[in-house]
Amino acid sequence: MPLMCCLALGAAPRLGAKPAEVSYNPGQQQLSVEATGQPLLEVLGQLAARTGWHIFVEPDSNPEIRTSFSALGVGRAIELLVGNMNYALVPQRDGPTKLYVFRTSRDRATLEVRATAPDSPPTALIRRVGHELVVTVEPGTDIEALARSLGAKVTGQLPGTHTYRLTFEDDTAAESARTQLTGKPGVKGVEYNFVVDRPNPGQSIAQGPLPPVKLALNPPTGKDGIVVGLVDTGVQKLGGDLDQFLLPSKSVAGEATLPTDQPTHGTSMAETILRSIAACSGGSTSIQILPVDIYGANASSTSFDVAMGIVTAVNSGADVINLSVGSYGTAPYLQQVIHEASQKGIVMIAAAGNEPVTNPVYPAAYSDVIAVTATQGTQLAPYANRGTFVDMAAPGSSVIYFGGQPYQIQGTSPAAAYTSGLVACVAQRQQISLSEAAAMISQQYAVRWGGNP
């Protein structure tokens with residue numbers, strides 16, 4: 001089966017935009033910047049590294065910067081950088097200068113920009129759960145007693161491991177415990193738990209450019225069919241014949257009351273997977289989807305819950321796992337869970353992120369994961385991550401139907417979901433392993449860095 005019928009992208013997109021250049025002369029208090037289309041956060045990350053300033057921005061403020069200047073005074077330079085935004089540069093008597101960048105008021109500049117080392121790619125904001133730690137201990141360790149000694153509660157355990165989530169009264173108590181636990185006998189690791197934002201659902205549109213998905217369930221014969229684990233928000237009923245493709249849902253974050261007036265992100269991803277399978281399969285398949293909710297009723301999830309979701313999907317029989325979620329925080333316990341799943345032959349596919357930066361997004365950036373960015377037509381989508389960790393590109397737009405109403409969802413999330421469905425379908429149709437199908441698709445639709453394969 002030619003793959004082009006399933007994923008018509010044409011030539012692989014070219015990546016490799018020139019990074020911003022920032023230099024600082026502390027003696028003259030002058031800045032030089034060359035930025036040709038980089039996001040503000042990327043430029044500020046380099047500024048923080050070169051000046052030593054602590055820089056804070058108002059959330060959701062990341063415009064594209066196009067400016068170049070040389071040896072300008074700090075005040076004028078920052079004005080040019082932030083454009084129509086406001087700033088406050090506040091020297092500190094006993095610490096580094098603080099720079100606040102905001103649209104409304106300085107008090108809203110609460111997200112800290114992490115400094116970028118001069119010889120490393122840009123990094124972005126990393127948000128952690130301030131009052132939690134994830135602790136891995138040696139077998140036989142009394143984790144409850146250890147938690148009590150630190151004034152914490154054990155609020156989670158990765159199944160089959162000695163990795164636990166500990167919740168503290170506040171961030172100060174957690175940091176104190178982190179210091180106490182580092183190097184303590186019996187403690188193998190002390191890590192942060194990172195925030196994973198709830199992804200946006202699709203937007204309703206007046207008329208769908210594609211009809212609803214048509215797909216018939218063809219029960220497997222001789223052996224179980226392929227199962228795609230969907231680690232995401234809760235999944236609603238899809239309606240009609242599509243509901244039979246959904247296996248009973250799992251949740252690692254408690255029960256949630258799902259909305260009735262619009263699709264969840266998980267629902268959009270489930271239908272995107274089925275649309276991909278329908279296009280590839282000819283209209284019938286035995287592939288089914290296992291929804292695993294990592295959000296519940298919460299406003300956000302965490303890297304620990306992502307790991308829990310993956311373990312749950314693996315233990316429930318998933319063969320492919322779709323991760324249209326992510327954050328900038330890297331967590332060794334999550335990486336280990338993914339590695340162990342990969343060693344079992346389970347294919348992991350994740351969204352690369354919806355900011356036009358090169359920052360690694362996790363879990364997509366782990367080596368055992370296929371990182372998928374998004375295309376718009378035959379080009380890289382303007383919002384899509386173009387980091388060197390990206391493996392391939394897929395269509396960044398999907399049309400789904402909910403309650404008879406068409407919705408469109410854009411981003412690297414549907415690109416990953418489309419790829420997950422395609423990998424499962426190609427493996428089934430060509431009677432090859434999932435790993436072989438994933439390698440074939442990744443190679444055919446690999447991105448090209450600066451024009452090179």
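Details
- Comparison of Thr123, Thr97 shows that the only residue that is touching a Pro at 6+ places or on another chain (Cβ under 7 Å) and either modelled with pLDDT of 75 or more or outside the structural domain of Thr67 (by TED's automatic domain parsing) (or both) is Thr97.
- Taking first residues from region 166-181 that are of a type in the set (D, E, K, R) and partners that are surrounded by fewer than 17 Cβ atoms within 10 Å (Cβ to Cβ), the Cβ contacts under 8 Å between residues at least 6 apart in sequence or on separate chains come to Glu169/Gly151; Asp170/Gly130; Asp171/Gly130.
- Boolean, Tyr362 is of a type in the set (Ser, Thr, Tyr), touching a helix residue (DSSP H, G or I) at 6+ places or on another chain (Cβ under 8 Å) and in the same structural domain as Ala331 (by TED's automatic domain parsing): yes
- Residue that is surrounded by the most Cβ atoms within 10 Å (Cβ to Cβ) [pool: residues in region 185-213 that are within 23 Å of the chain's Cα centre (by Cα) and either acidic (Asp, Glu) or within 21 Å of Leu238 (Cβ to Cβ) (or both)]: Gly202
- Each residue in region 267-305 was checked for being surrounded by fewer than 24 Cβ atoms within 10 Å (Cβ to Cβ), touching a Gly at 6+ places or on another chain (Cβ under 7 Å) and in a loop (DSSP other than H, G, I, E, B), and 3 of them qualify.
- The listed residue being of a type in the set (Val, Ile, Thr) and out of contact with any strand residue (DSSP E or B) (no Cβ under 8 Å at 6 or more places or on another chain), out of Thr136, Thr155, Thr179: Thr179
- Selection within region 218-253 - of a type in the set (Gly, Ala, Ser) and at pLDDT below 95: Gly222, Gly225, Gly239, Gly240
- Filtered residues of region 376-394 (kept if in a strand (DSSP E or B) and at pLDDT below 95): Gln376, Gln379, Leu380
- Comparison of Gly45, Gly37 shows that the only residue that is farther than 18 Å from Asn86 by Cα and either touching a residue at least 40 places away in the same chain (Cβ under 8 Å) or in a strand (DSSP E or B) (or both) is Gly37.
- Qualifying residue in region 62-83 (condition: in contact with a Lys or Arg (Cβ under 9 Å, 6 or more places away or on another chain), closer than 25 Å to Asn354 by Cα, among the hydrophobic types (A, V, I, L, M, F, W, C) and outside the structural domain of Asn359 (by TED's automatic domain parsing)): no
- In region 145-184, the residue that is surrounded by the fewest Cβ atoms within 10 Å (Cβ to Cβ) out of those that are among the β-branched types (Val, Ile, Thr) and closer than 23 Å to Ala307 by Cα is Thr182.
- Of the criteria (1) of a type in the set (A, V, I, L, M, F, W, C); (2) without any contact (Cβ under 8 Å) to a residue 60 or more places away in the chain; (3) touching a helix residue (DSSP H, G or I) at 6+ places or on another chain (Cβ under 9 Å), which one Ala145 fails: (3)
- Residue check, Ser316 of a type in the set (Gly, Ala, Ser) and surrounded by 24 or more Cβ atoms within 10 Å (Cβ to Cβ): no
- Meeting the requirement of 2 or more residues that are out of contact with any His (no Cβ under 6 Å at 6 or more places or on another chain) and within 24 Å of Arg198 (Cα to Cα), the strands (runs of 3 or more DSSP E) wholly within region 73-174 are 111-113, 128-137, 153-157, 163-167.
- Among the candidates Ala364, Ala350, the residue that is touching a strand residue (DSSP E or B) at 6+ places or on another chain (Cβ under 6 Å), surrounded by 24 or more Cβ atoms within 10 Å (Cβ to Cβ), modelled with pLDDT of 95 or more and part of a loop (DSSP other than H, G, I, E, B) is uniquely Ala364.
The values are calculated or read from the model by the stated rules, or taken from the named source; none is laboratory data. Given the structure is predicted, the values throughout are model-derived calculations rather than measurements. Neighbour counts are summed over all protein chains in view; Cβ atoms, including those assigned to glycine, are modelled from backbone coordinates with ideal geometry.
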